[in-house]
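The values are calculated or read from the model by the stated rules, or taken from the named source; none is laboratory data. Please read all numbers here as calculations on a predicted model, not as lab measurements. For neighbour counting, all protein chains shown are included, and Cβ atoms are generated from backbone atoms with ideal geometry for every residue, glycine included. These accessible areas exclude ligands, DNA and RNA; they are computed on the full protein's heavy atoms, side chains included. Shrake-Rupley method; radii C 1.70, N 1.55, O 1.52, S 1.80 Å.
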Amino acid sequence: VLQPSYWFCARNMGRIIATVGAYGYRGSASIGMMCVHPQFQRHGLGKLIEHLVSYLTALGYPALFLEASVSGQPLYPKLGFWPDGKTLRMAQNTPVKARFPAGGALECMAASDLPEVIAYDDGVFGLERQFILQAFFERCPGRAFVARDASHALSGYLFASGMVIGPWSAGSPATAELLLQAALT
């Protein structure tokens with residue numbers, strides 16, 4: 001579920017030239033989708049994120065985090081952000097031939113799995129993302145998957161929507177690969 005009041009844009013002659021937004025969680029907010037039209041980059045539109053940071057701080061969020069692109073990375077330390085790990089972005093331009101893995105360790109997520117997925121996610125990320133996970137499930141219920149170990153305990157989950165994979169979390173690389181295979185089916 002998008003939080004509409006957490007998203008801002010800049011316009012030039014009525015045309016949107018930059019956007020930035022955030023999702024608020026319990027105790028923190030994740031800033032994302034900061035993008036500026038190439039024609040308007042390096043024209044001071046970083047002030048848009050300054051506005052968002054001030055807005056989120058005024059709402060009482062004590063912690064903010066974001067993922068920076070290489071081009072945007074120099075801006076964020078000026079706003080008080082510091083590097084804390086790396087994210088790998090991967091892209092696939094050609095169709096992948098995949099089949100749903102056999103063996104019963106994976107299944108399509110059911111509505112009854114959501115409380116367990118939400119609890120698992122909270123344990124991994126330390127953030128309450130119940131409404132976001134529910135929104136992903138409601139948008140594409142046939143494209144959400146759960147993995148279970150031999151004792152039938154949840155060992156991972158994956159949501160896929162259109163050309164987007166995620167949110168996604170797994171307890172091991174092997175489980176992550178099984179979930180990805182299911183999403184590519």
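Observations on the model:
- Scanning the range 6-65 for residues that are in a strand (DSSP E or B), open to solvent by 40 Å² or more (accessible area, probe 1.4 Å) and closer than 19 Å to ASP84 by Cβ returns TYR23, MET34, ALA63, LEU64, PHE65.
- Residue that is out of contact with any Pro (no Cβ under 8 Å at 6 or more places or on another chain) and without any contact (Cβ under 8 Å) to a residue 40 or more places away in the chain, where the choices are ALA135, ALA111, ALA160: ALA160
- Qualifying positions in the range 144-171 - open to solvent by 60 Å² or more (accessible area, probe 1.4 Å) and in contact with a strand residue (DSSP E or B) (Cβ under 8 Å, 6 or more places away or on another chain): ASP149, ILE165, TRP168, GLY171
- Subset of the range 88-144 that is within 14 Å of PHE159 (Cβ to Cβ), part of a loop (DSSP other than H, G, I, E, B) and of a type in the set (A, V, I, L, M, F, W, C) - its residue that is modelled with the lowest pLDDT: CYS140
- Applying a threshold of 7 Å to beta carbon distances and a minimum spacing of six or more residues, or different chains, the list of pairs starting in the range 49-67 at a residue that is in contact (Cβ under 8 Å) with a residue 40 or more places away in the chain and ending at one that is outside any strand (DSSP E or B) and surrounded by 13 or more Cβ atoms within 10 Å (Cβ to Cβ) reads LEU64/VAL53; LEU64/LEU56.
- Considering the range 145-168, the residues that are part of a loop (DSSP other than H, G, I, E, B) and among the aliphatic types (A, V, I, L, M) include one that is nearest to VAL117 (Cα to Cα), namely ALA153.
- Condition check for VAL70: over 25 Å from GLN134 (Cα atoms) and of a type in the set (Val, Ile, Thr): yes
- Residues that are assigned to a strand (DSSP E or B) and without any contact (Cβ under 8 Å) to a residue 12 or more places away in the chain within the range 169-185 are absent altogether.
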